[in-house]
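In what follows, a structure is listed as structure tokens, so that the remarks can point back to it.
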């Protein structure tokens, strides 16, 4: 009986994880992600040829530094744990392509890339995550950021129903005018669609993200 309950909990978390359009989706799946935070805007489309990794296009605009990046990004599911009522994941990512100045930035086009790590732990009620990413461009310079989140579901929804999370994100961007930012946000997801919306209390700017899994 205990094994049956554990298996059921694990299956529920796997289904929820697929609905949340993780950086690595189900084998053969496509995911499109658009995001906008207090410093950057990005679009990312990836394909998952194997349940352990994904690869796809990433384009981003670093609004604070007036430069853009276009390239390929690969993400690897380094480790996944299942426990009694919880799931945890660690992802590693790397991107390579070209970056160039925009607006008043005279930087020319040159090679650029990034590396990153993301980890999360969740139950059907609680969510905790951490991510860090470093970016470097030959003509546009280097930058780094890290962010941590904690969230709670005000109600526990069944699989296939609308899921809602209330979250707070704290991010650190050393090069920004305000290095530490705090962003309360709300996450909704149902089926293949996930949407997040919030507001940076530090910079008085909107935050949003939308993901769709095919």
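The values are calculated or read from the model by the stated rules, or taken from the named source; none is laboratory data. Everything quoted here is computed from the prediction, not taken from an experiment. A quick note on method: Cβ atoms are made from the backbone with ideal geometry, for glycine too, and the neighbour counts reach across all protein chains shown.
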**Request:** Output the residues belonging to the stretch 194-214 that are over 14 Å from residue 23 (Cα atoms) and in contact (Cβ under 8 Å) with a residue 40 or more places away in the chain.
**Result:** 200, 202, 203, 205, 206, 207, 208
**Message:** Can you tell me which residue is farthest from residue 61 (Cα to Cα) among those in the stretch 116-133 that are in a strand (DSSP E or B) and touching a residue at least 60 places away in the same chain (Cβ under 8 Å)?
**Reply:** 122
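Matching residues to (1) farther than 20 Å from residue 172 by Cα; (2) in contact (Cβ under 8 Å) with a residue 60 or more places away in the chain:
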residue: 31; (1), (2): yes, yes
residue: 43; (1), (2): yes, no
residue: 62; (1), (2): no, yes
residue: 67; (1), (2): no, yes
residue: 73; (1), (2): yes, no
residue: 77; (1), (2): yes, no
residue: 82; (1), (2): yes, yes
**Message:** Whether any residue in the stretch 190-210 is at pLDDT below 95, out of contact with any strand residue (DSSP E or B) (no Cβ under 7 Å at 6 or more places or on another chain) and farther than 15 Å from residue 64 by Cβ is what I want to check.
**Reply:** yes
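Each row is one residue, and each column tells you yes or no for (1) assigned to a loop (DSSP other than H, G, I, E, B); (2) surrounded by fewer than 14 Cβ atoms within 10 Å (Cβ to Cβ); (3) in contact (Cβ under 8 Å) with a residue 60 or more places away in the chain.
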position: 87; (1), (2), (3): no, no, yes
position: 92; (1), (2), (3): no, no, no
position: 104; (1), (2), (3): yes, yes, no
position: 114; (1), (2), (3): no, no, no
position: 135; (1), (2), (3): no, no, yes
position: 142; (1), (2), (3): no, yes, no
position: 165; (1), (2), (3): no, no, no
position: 168; (1), (2), (3): no, no, no
position: 176; (1), (2), (3): yes, no, yes
